[in-house]
1. When both residues are 6+ apart or on different chains and their Cβ atoms are under 6 Å apart, which pairs have a first residue that lies in the stretch 579-593 and is at pLDDT 95 or above, and a second that is among the β-branched types (Val, Ile, Thr) and part of a strand (DSSP E or B)?
2. For the stretch 557-583, which residues satisfy the criterion of being hydroxyl-bearing (Ser, Thr, Tyr), crowded, with 21+ Cβ neighbours inside 10 Å and closer than 18 Å to PHE524 by Cβ?
3. Does the stretch 467-484 include one or more residues that are in the same structural domain as GLN300 (by TED's automatic domain parsing), surrounded by fewer than 23 Cβ atoms within 10 Å (Cβ to Cβ) and within 18 Å of the chain's Cα centre (by Cα)?
4. Within the bounds of the stretch 521-528, is there any residue that is surrounded by fewer than 16 Cβ atoms within 10 Å (Cβ to Cβ), more than 30 Å from ALA126 (Cβ to Cβ) and without any contact (Cβ under 8 Å) to a residue 40 or more places away in the chain?
5. Given SER359, SER386, which one is in contact with a helix residue (DSSP H, G or I) (Cβ under 9 Å, 6 or more places away or on another chain) and under 30 Å from HIS267 (Cβ atoms)?
6. Just the residues that are of a type in the set (Val, Ile, Thr) and assigned to a loop (DSSP other than H, G, I, E, B), please, taken from the stretch 542-584.
7. Among the residues of the stretch 350-397, write down those that are assigned to a loop (DSSP other than H, G, I, E, B) and closer than 19 Å to GLY339 by Cα.
8. Could you please find all residues in the stretch 268-277 being farther than 15 Å from PRO527 by Cα and either out of contact with any Leu (no Cβ under 8 Å at 6 or more places or on another chain) or polar (S, T, N, Q) (or both)?
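The values are calculated or read from the model by the stated rules, or taken from the named source; none is laboratory data. Computed from a predicted structure; not experimentally measured. Because the Cβ atoms are built from the backbone with ideal geometry, glycine has one as well, and the counts that use them run over all protein chains shown.
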Amino acid sequence: MAENPGKRSFPLSASCLSFAVCILAIILAYRVQLTLGLLASPVRPFDFNPASFPAWFMIDFWFSDLVVILLLSLACCFVFQFEKAMGVAGVKVISRVISLCFLHFMILLFVLICEIHLNLLFTVQAGLDASALVEGVANISLLEVSKLLNPRDFLFLLAPFGLFWLLWLAPGRLRVVAAGVSAVLVLLLSATSLLASHTQTKSIPPELRLNPAVYLVTDVGARGLGKGRSHPSLPKSFPAPAGVQQREMSRLRPEKPFRLAPPQTTHPWNVVLIVMESVGTRYMFDEKDGLPVPMPFLHQISKEGWFLARHHTTSNVSTKALFSLLSGLYDLFGRQNFGVRPDAHVPWLYSFLGKKYESFLVTPSSLAWYFPSAFVKNSGFPEIHSYENLELRAKEEKTPFGRYVARDEVQTVDFFLRRLEQAREPFAALYVSFVAHFPYFDYGPQYRVRDPEGGLKNRYYNNLNLIDNMLKRIHERLKERGLLERTIFVVVGDHGQAFGQHHPDNYMHYRYSYSENVEAPVIFHQPAIFRPRRFDVPTSHVDVLPTLLDALRIPYDPVLLDGETLFQRKSKRRSIFFYGLEESISSIDDRQIKVQYSLKEKSCRAFELKVDPEEKNPIDCVSYQEQLEELRGFVNHHDASLPEYSGSRSENRDFHGHKHPSL
């Protein structure tokens, strides 16, 4: 379509050219930012160091970018045909506006995909996939996301539109030059990619290799456009039970467990519950290579009380894990977090303690990102101190494409200690740490047990040592004030943490549900109640509340809790369960057989943890069909009964004839 020199015109061919150049510019800007970020950032995605690879390692993956350019250019051609057809019909102006709007929408969508993918890589060590989209829509508000944007983000988002209009309004000769330069760039990059060696880069996670749009689309395709999100149907072999627990299941022991009553006391117990964010059991006491134990104080008190050595979270994400710790109930076995729903009215620790206890919670982090705050606040919990209202120094770690912000952990513990000194007895003090969460802030040499330049894991170990020091401070302050002898001290990790085990992208905790992702410690410490004991049977977060209630001698209906007290000689159940954000459901039975069913892939695998604790040899589930059916049946029943139970609580009525005596 030629231009008339005497008359200014804006044919759609100019729009397509401007559009194609914009897409190329976005891709090049993304690749340059990613490479520079990987070279400059002290906190890299998946601990990946590009220095060990050829200088052109990013060009190795050019063809996924080329696919995007070709497909989007093809889409522009369809738009061109649309305008051509509409022009014949005499509505050329309207069709031109529609075409331009559509091209701008595609530019916006593509630049958003690239920018979000880039930010996710450096802030949560994950790419933009279908899971991230669902998680963001379900649990994260746009307001909270907007707070993390910086001027560079806005520049990256707006610059392509400026480039589009610059080219669209430019003289035809300038567009020809831009087209020629772009074509040469594409040819050079394609040729270089063909010549580059691909052998060294195969181990790089796809989040870094693939174009963000290709990564997202392939992930959505692998999931079958949502296939597998719904739970498998309830097996007909098991009747639908009437309580929260599936106590009619055939794999539950028929005998009544023998309860062990804790000793009587003449005073009520104080409770100090410390939740350690991202602290995995396997790292706490690690002394490999002759290096210091990261958490010596915790190691000491683990020998003086009850240490749950084979304990597991109920989910590899904090919101669900904390809900279970506080309520004794599994969260929903899906992406939605029940604890953040406004209709969440299930009881939790504070509901049983009541107003006779002075209760408060302190955390250096923001509740908006990880905490099941709705069901806590629905109970009337009186006092929460968090990032939002603590007037303490902010600890900040900036990456090239995002930032982590929390209140200074040491100062927050100082605040917690002052609040403890002001509390009247009996009190329930909850503290949720942040410092062991990525990106592992550096608090200086006094807390270093590893070289911080040695990678993410070393930074993590140093922060475990900081937490250990803070635990010791809290414990010693209780002792100094004569409170320790009247206090039950509970320390628990919310979930595990991974450092590239099993898969190159298995960092942090929520990508997979291997042992490193779901192992979490629990220690009950009060010499008058918890004589030294190590539990080597599988336990779960849902067991913490009933065990603590028994220690406090507070009555409850065990049918209305998913967990079981540890004050018994033998557990009634045979399996514990957990949900993985990668869309899996799992169970571990008392033989330490782990059965894992992928809701996404409709597949099952099992591990014999006694002989294969590192889960290196997955086996077929054909030998464990009974355990698989129990898992599937429990998940379906629980996800139906939990909202019903919450509804009955909000209306202050019994749930199928059951009600907690103290409520």
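1. Every condition considered, the pairs that remain are TYR579/ILE585; SER587/VAL595; ILE588/ILE576.
2. THR565
3. No, because not a single residue in the stretch 467-484 is in the same structural domain as GLN300 (by TED's automatic domain parsing), surrounded by fewer than 23 Cβ atoms within 10 Å (Cβ to Cβ) and within 18 Å of the chain's Cα centre (by Cα).
4. Looking through the stretch 521-528, none of the residues is surrounded by fewer than 16 Cβ atoms within 10 Å (Cβ to Cβ), more than 30 Å from ALA126 (Cβ to Cβ) and without any contact (Cβ under 8 Å) to a residue 40 or more places away in the chain.
5. SER359 is the lone residue from the list that is in contact with a helix residue (DSSP H, G or I) (Cβ under 9 Å, 6 or more places away or on another chain) and under 30 Å from HIS267 (Cβ atoms).
6. Once the filter is applied, which keeps residues that are of a type in the set (Val, Ile, Thr) and assigned to a loop (DSSP other than H, G, I, E, B), the stretch 542-584 yields ILE554, THR565.
7. Hits for the stretch 350-397 are THR363, SER365, SER366, PHE371, PRO372, SER379, GLY380, PHE381, PRO382, GLU383, SER386.
8. MET276, GLU277
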